[in-house]
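*Asks:* Dumping the structure here so I can ask a few things about it.
The values are calculated or read from the model by the stated rules, or taken from the named source; none is laboratory data. Note that the structure is predicted; figures quoted are calculated from it, not measured. Using ideal geometry, Cβ is built from the backbone for each residue, glycine included, and neighbour counts are taken over all protein chains shown. Remember, those area values only see protein heavy atoms, side chains included, never the ligands or the DNA or RNA. Shrake-Rupley method; radii C 1.70, N 1.55, O 1.52, S 1.80 Å.
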Amino acid sequence: MALGGGLAAGAAAADPQVEILVHGDARTGTHFDYVTWAPSPTLVRVRPGSGLAPDATVTVVLTNGAAPADGKGHVNFALTADEYKKAVEGGGAKDQITLTLKADGTPQPIIVAGDFPHFSRNDKDTPIVAHLGTAAGPEVGGATVMVRVRRNEETLSAEERSRFLWALVALRFQKSPDPRWDDTYTFLVEMHDIGARGIMEPELQLAAKGYPDQEHKAAAFVAWHRAFLLEMERALQKVDPAVTLPYWPMYYSPGKDGATVFHADFTGANTVANDPDFMATDLIRFDAGNPLYGWTIPGRGPLMRWRQDRNNVKQFNTPGMLLDKSKAGLKSNYSFMAGSVEANPHNVGHGWSGVWMSNCMISPSDPMFWPFHTYFDWVWAAWQQHYDRFRSDGADPAQYWPNDAYADGNPSNKTNPLGHHLRDTMWPWNGEKQPTPVEPFSARRPPQTVGGPFAASGVPGLWPQTSAKPTPGVFIDYAGYVTPDTDSGVGYDNLPWSPKQQAQPFQGDVAPAPAALAVFLAKDRPAAERVEQGGQVDLAAALDAETAVAGVALATGEDPEVRAVALDILARVDTATAVETAYKVEGDAKSPTLAHTVERVRAMSMFANRPVEAPALAVPAVPKTVSVLDKNLYSKARSDVPTNNQCVVGSLTEELQHFLAKPTDAVRMFPQDAAAFIASTNLLEAVKAANSQHEHGENADNCETPFVKETTLDTMRRILKTSAATPTSVGVDWWKTKAMAATVLGGGKVAADAAPVAALALDSNARVDARAAAVNSLRRLDERLFEATVRGLDLKPGTPDDLKAQAIAAIGAYVVDKGRKLPADERARLVHLLDVLSAKSSAEQAARATARRMLDLAAG
């Protein structure tokens, strides 16, 4: 990396030149020009060959190249980390420093740290200048650095969002650290999947093969994911060192379209259901130039999510609910914080996002997982900064509990198995596996490893200096405040390094009302007042009053709105209790508000920290005369689709068959929704992802309507063959139904299905969304026909520009599907195809530029 400075105008020819090596190595001269708010070790020296006497000294003053300004980085200096800590906590941090350097090149160690809150928006936007003699002296050297921190995704520019997305997609072309998987992104997905397939208690049917969840439902939840996020971020930074993981503050919605994370130019937009009772899934919309367009994961089909209103974020806990002004009490304890964050917003948010996200094992398949989970790490970091919780020595259980190592007979083992104690090493980085399960259950590890030890950072001063088998304790002091050698190079835009510094206000944050719980529990208060106060309940108080709150939810004489709020309060503090209570309420949940809340809470059952006995919820039998939409059927589908339940796919196939037999009859589920639910599973994939089916899924032998793959595929073929002019009952969307049928057939990968799918793509009478879905399915069925169809759409008069842009974008998605395995001859064909396409509109041109860049990535 070139240094930023040289002799300035007016400087003497004999002026010595000075090197500034941030995170530098004096022996090799290498340096790493990225800092956070933490002090970064830096070496400053006179360049060899200065011509000065060996015993001479040179006085230099290091300054910033510009005054502090919003949107640009700025740095402070000190001689040592301890000196910097005293300065920053005393309000006396300096953005310049005077040094006396030896002319023989002996390096002078100092520290450089980002000047909170002045972070960088652009790579290397922060010049450090070495002046000879005084701060006004001639420039004799310098460096350019980036104050690189994780940012609120709402503050990212279009360019910053694009850099993140491109780094993310590049991992699909990067060789996996583990040869069992093709690329780095899929490797990380499978790491999360295998670790999360564990359970927390040895249920009878799984006792022989089960193992504890390595990542969730116990103490190391936030610590394990902090390590996982760091592994992802380091992978991204190998692609683009200026990129960090953004975080999504889930409690805040900035506008009518929801958070930026749900926009088509970032991690994708969804349509919104008119009635939440009949909400299904939908394909995610991306701009044609978005590198995520057409995103799939091997064996999982296209990305789909629930058709949720993304402005409806009131159910998520705010940071202020964890940060008590007294800085003491229950909220200051790690156990309370970690359990609270995992319950809400984590568990609630997973279920709310769907469909891959609603399955905690495979959730990283959805790119929105990364800003989603980075937010929980931000919450932990904000809690640490607020309560001064950075010690990892185990002396204080408020910093982390259990504050010991796992040992047989320890009472804490039941709730915190091996891997979740402070001094336990964490799977998979410890390399431990147990092909034959051991006893007791809490001492088990997964039967296989994924990857190896946590890779060395390769940067002086950043953890780890050598490959490591980390413990949860390593990730407590993530910025090296107490233990400098655990600095991981992570910082956040609005959280300073020291707990004695003041964090910036959190936009839209709401603190709890001390008396809210008492008002909520008071039956003599008006229902409207109780509902309002229920949203402001203090979490610690709610945990203490859990039984009373559950009593409100179960009381049939209570107002349904109040009962719904009671369930939401339980979901904020204890997922398992909330789910158990929701199952009990379900039978008498007559009001829409209560019924929707029951379903939302029930969807978190996979995330409960103990087994929850769910009552049998059978698919309603098909009546002899089909009459109206059945919200119970929709609810059953939403509950079971994320776990790839075979029974629900069998029953939905049967619903579609009834529709095709008598299209004008009223339906229990709209055919477009039934087909969408089926498309959301991976049961039709020709090559299934080995680990994606939920371990606790219903056995296919118990299905009232068994799932038969060929029957479902044949039903989709019949949908494509049926004319869209066929009369139907009100509300049926033929084109959406055909789009979803084509999507399902794309997963089946039967060559004979390519022709009818191509016919839909080329049908001028069809709607653009149906034709685009067909084009994307073709890329999975027949690459030659796919290429011919893209070309045909370009040549065909009257083809809408939006469709042509999406067809071009599908080329880029096809290249991502193939990754490094794209054959050279196929790559040459696609290059030629892109060259001959007309691409007249701006959307087409953006899609073509993206596809060409994908081909460059595939070429290595």
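*Asks:* Is it true that residue 404 is of a type in the set (Asp, Glu), under 30 Å from residue 193 (Cα atoms) and open to solvent by 10 Å² or more (accessible area, probe 1.4 Å)?
*Replies:* Numbers: of a type in the set (Asp, Glu): yes; under 30 Å from residue 193 (Cα atoms): yes; open to solvent by 10 Å² or more (accessible area, probe 1.4 Å): yes.
The answer is yes for residue 404.
*Asks:* Given the criterion free of Cβ contacts under 8 Å to residues at least 60 places away in the same chain and open to solvent by 10 Å² or more (accessible area, probe 1.4 Å), identify the matching residue among 858, 824.
*Replies:* None of the other options fit; the residue is 824.
*Asks:* Related question: From the list 461, 452, exactly one residue is in a loop (DSSP other than H, G, I, E, B), small (Gly, Ala, Ser) and under 18 Å from residue 38 (Cα atoms). Which is it? Give the derivation first.
*Replies:* Details: 452 fails: under 18 Å from residue 38 (Cα atoms).
Answer to the check: 461.
*Asks:* Another question, if that's okay. Can you pull out the residues in region 827-855 that are open to solvent by 50 Å² or more (accessible area, probe 1.4 Å) and within 26 Å of the chain's Cα centre (by Cα)?
*Replies:* Taking region 827-855 as the starting set, the residues that turn out to be open to solvent by 50 Å² or more (accessible area, probe 1.4 Å) are 827-829, 831-832, 835-836, 840, 842, 845, 849, 852-853.
Within region 827-855, just 853 meets the criteria.
*Asks:* What are the residues in region 776-802 that are among the aliphatic types (A, V, I, L, M), crowded, with 20+ Cβ neighbours inside 10 Å and farther than 20 Å from residue 853 by Cβ, if any? Give the derivation first.
*Replies:* So in region 776-802, the residues among the aliphatic types (A, V, I, L, M) come out as 778, 781, 785, 788, 790, 793, 795.
Narrowing the set further to residues that are crowded, with 20+ Cβ neighbours inside 10 Å leaves 778, 781, 790, 793.
Within region 776-802, 778, 781, 793 qualify.
*Asks:* While we're looking at this one, here's another question. When only residues in region 31-65 that are outside any strand (DSSP E or B) and aliphatic (A, V, I, L, M) count, which is least open to solvent (accessible area, probe 1.4 Å)? Lay out the reasoning, then the answer.
*Replies:* First pass over region 31-65, keeping only residues outside any strand (DSSP E or B): 31-33, 36-39, 47-56, 65.
Going one step further and asking which of them are aliphatic (A, V, I, L, M), we end up with 38, 52-53, 56.
Numbers: 38: 2, 52: 68, 53: 50, 56: 29 Å².
Within region 31-65, the match that is least open to solvent (accessible area, probe 1.4 Å) is 38.
*Asks:* Something else: Could you check, for region 415-423, whether at least one of its residues is under 23 Å from residue 191 (Cβ atoms) and surrounded by fewer than 19 Cβ atoms within 10 Å (Cβ to Cβ)? I'd like the intermediate steps shown before the answer.
*Replies:* At the first step, the residues of region 415-423 found to be under 23 Å from residue 191 (Cβ atoms) are 416-423.
From the residues that got through so far, the ones that are surrounded by fewer than 19 Cβ atoms within 10 Å (Cβ to Cβ) too are 423.
Yes.
*Asks:* Exactly one of (1) part of a loop (DSSP other than H, G, I, E, B); (2) open to solvent by less than 30 Å² (accessible area, probe 1.4 Å) is unmet by residue 164. Its number?
*Replies:* Only one criterion in (1) part of a loop (DSSP other than H, G, I, E, B); (2) open to solvent by less than 30 Å² (accessible area, probe 1.4 Å) is unmet by residue 164, namely (1).
*Asks:* If you take the residues in region 660-680 that are out of contact with any helix residue (DSSP H, G or I) (no Cβ under 6 Å at 6 or more places or on another chain) and assigned to a loop (DSSP other than H, G, I, E, B), which one is surrounded by the fewest Cβ atoms within 10 Å (Cβ to Cβ)? Explain how you work it out, then say what you get.
*Replies:* The initial filter retains those residues of region 660-680 that are out of contact with any helix residue (DSSP H, G or I) (no Cβ under 6 Å at 6 or more places or on another chain), namely 661-666, 670, 673.
Subset that is assigned to a loop (DSSP other than H, G, I, E, B): 662-666, 670.
On the way: 662: 12, 663: 16, 664: 10, 665: 14, 666: 15, 670: 22.
Going through the qualifying residues, I end up with 664.
*Asks:* Using the structure shown, decide if residue 70 is closer than 30 Å to residue 160 by Cα, of a type outside the set (Gly, Ala, Ser), exposed (fewer than 14 other Cβ atoms within 10 Å of the Cβ) and out of contact with any Gly (no Cβ under 9 Å at 6 or more places or on another chain). Show your work before the answer.
*Replies:* Values: closer than 30 Å to residue 160 by Cα: yes; of a type outside the set (Gly, Ala, Ser): yes; exposed (fewer than 14 other Cβ atoms within 10 Å of the Cβ): yes; out of contact with any Gly (no Cβ under 9 Å at 6 or more places or on another chain): yes.
The answer is yes for residue 70.
*Asks:* Now, a different point. In region 536-572, what residues are open to solvent by 20 Å² or more (accessible area, probe 1.4 Å), part of a helix (DSSP H, G or I) and more than 20 Å from residue 595 (Cα to Cα)?
*Replies:* Hits for region 536-572 are 541, 543, 544, 546, 547, 548.
*Asks:* Could you run through region 718-735 and say how many residues are open to solvent by less than 40 Å² (accessible area, probe 1.4 Å) and aromatic (Phe, Trp, Tyr)?
*Replies:* Number satisfying all stated conditions: 1.
*Asks:* Turning to a different aspect of this structure: Are any residues in region 125-138 over 38 Å from the mean Cα position of the chain (by Cα), surrounded by fewer than 24 Cβ atoms within 10 Å (Cβ to Cβ) and in a strand (DSSP E or B), and if so, which ones? Spell out the reasoning first.
*Replies:* Going residue by residue through region 125-138, those that are over 38 Å from the mean Cα position of the chain (by Cα) are 129-138.
Still in the running and surrounded by fewer than 24 Cβ atoms within 10 Å (Cβ to Cβ): 132-138.
The answer is 132, and nothing else.
*Asks:* Any residue that is at pLDDT 95 or above, surrounded by fewer than 20 Cβ atoms within 10 Å (Cβ to Cβ) and of a type in the set (Val, Ile, Thr) - is there at least one of those in region 685-701?
*Replies:* To start, the set of residues in region 685-701 that are at pLDDT 95 or above comprises none.
No: region 685-701 contains no residue that is at pLDDT 95 or above, surrounded by fewer than 20 Cβ atoms within 10 Å (Cβ to Cβ) and of a type in the set (Val, Ile, Thr).
*Asks:* For region 299-316, how many residues are open to solvent by less than 20 Å² (accessible area, probe 1.4 Å) and over 18 Å from the mean Cα position of the chain (by Cα)? Spell out the reasoning first.
*Replies:* Quick first cut of region 299-316, residues open to solvent by less than 20 Å² (accessible area, probe 1.4 Å) only: 299-301, 303-306, 310, 313, 315-316.
Those left that are additionally over 18 Å from the mean Cα position of the chain (by Cα): 299, 301, 315.
The total comes to 3.
*Asks:* Also, I was wondering about something else. So, of the residues in region 702-717 that are at pLDDT 95 or above and not basic (Lys, Arg), which turns out to be most open to solvent (accessible area, probe 1.4 Å)?
*Replies:* Checked region 702-717; the qualifying residue most open to solvent (accessible area, probe 1.4 Å) is 710.
*Asks:* Here's a follow-up. Just to be sure I understand, how many residues within region 425-469 are over 25 Å from residue 179 (Cα atoms), surrounded by fewer than 22 Cβ atoms within 10 Å (Cβ to Cβ) and without any contact (Cβ under 8 Å) to a residue 60 or more places away in the chain?
*Replies:* The qualifying residues number 4.
*Asks:* Let me ask another. Please find, among 515, 503, the residue that is surrounded by fewer than 19 Cβ atoms within 10 Å (Cβ to Cβ) and either modelled with pLDDT of 95 or more or closer than 30 Å to residue 551 by Cα (or both). Before the answer, list the steps.
*Replies:* Details: 503 fails: either modelled with pLDDT of 95 or more or closer than 30 Å to residue 551 by Cα (or both).
The unique qualifying residue is 515.
*Asks:* Of the numbered conditions (1) open to solvent by less than 10 Å² (accessible area, probe 1.4 Å); (2) touching a Gly at 6+ places or on another chain (Cβ under 8 Å); (3) farther than 30 Å from residue 56 by Cβ, residue 185 fails exactly one; give the number of that condition.
*Replies:* (2)
*Asks:* State all residues of region 518-535 that are part of a loop (DSSP other than H, G, I, E, B), open to solvent by 40 Å² or more (accessible area, probe 1.4 Å) and hydrophobic (A, V, I, L, M, F, W, C); if no residue qualifies, say none.
*Replies:* none
*Asks:* Those residues that are modelled with pLDDT under 95, open to solvent by 10 Å² or more (accessible area, probe 1.4 Å) and assigned to a loop (DSSP other than H, G, I, E, B), I need them from region 275-298; list them, please.
*Replies:* 275, 279, 298
*Asks:* Confirm whether residue 753 is acidic (Asp, Glu), surrounded by 22 or more Cβ atoms within 10 Å (Cβ to Cβ), on the phi < 0 side of the Ramachandran plot and modelled with pLDDT of 95 or more.
*Replies:* Judged against the criteria, residue 753 is a match.
*Asks:* Among 78, 143, 103, 113, which is the only one that is modelled with pLDDT of 95 or more, open to solvent by less than 20 Å² (accessible area, probe 1.4 Å) and touching an Asp or Glu at 6+ places or on another chain (Cβ under 9 Å)?
*Replies:* Details: 78 fails: touching an Asp or Glu at 6+ places or on another chain (Cβ under 9 Å); 103 fails: modelled with pLDDT of 95 or more; 113 fails: touching an Asp or Glu at 6+ places or on another chain (Cβ under 9 Å).
None of the other options fit; the residue is 143.
*Asks:* Can you run down the residue pairs with Cβ atoms below 9 Å, 6 or more apart or on separate chains, where the first is in region 98-109 and of a type in the set (Val, Ile, Thr) and the partner is open to solvent by 50 Å² or more (accessible area, probe 1.4 Å) and not in a strand (DSSP E or B)?
*Replies:* Every condition considered, the pairs that remain are 98/134.
*Asks:* So for region 500-517 (the condition being in a helix (DSSP H, G or I) and among the aliphatic types (A, V, I, L, M)), does at least one residue qualify? Quick ask: steps written out before the conclusion?
*Replies:* Initially, region 500-517 is screened for residues in a helix (DSSP H, G or I), giving 516-517.
Pick out the ones that are also among the aliphatic types (A, V, I, L, M) and you get 516-517.
Among the residues of region 500-517, at least one is in a helix (DSSP H, G or I) and among the aliphatic types (A, V, I, L, M), which makes the answer yes.
*Asks:* Could you grab me the full set of residues in region 256-269 that are within 17 Å of the chain's Cα centre (by Cα), in contact (Cβ under 8 Å) with a residue 40 or more places away in the chain and assigned to a loop (DSSP other than H, G, I, E, B)? Spell out how you get there, then give the answer.
*Replies:* Within region 256-269, the first condition is being within 17 Å of the chain's Cα centre (by Cα), and the residues that meet it are 258-269.
Okay, now just the ones that are also in contact (Cβ under 8 Å) with a residue 40 or more places away in the chain, so 258-262, 265-268.
Within region 256-269, 258, 259, 265, 266, 267, 268 qualify.
*Asks:* Only helices (runs of 4 or more DSSP H) wholly contained in region 320-425 count here; list those with 2 or more residues that are at pLDDT 95 or above. Talk me through it step by step, then tell me what you get.
*Replies:* Details: elements: 334-341, 348-353, 369-387.
The qualifying helices (runs of 4 or more DSSP H) are 334-341, 369-387.
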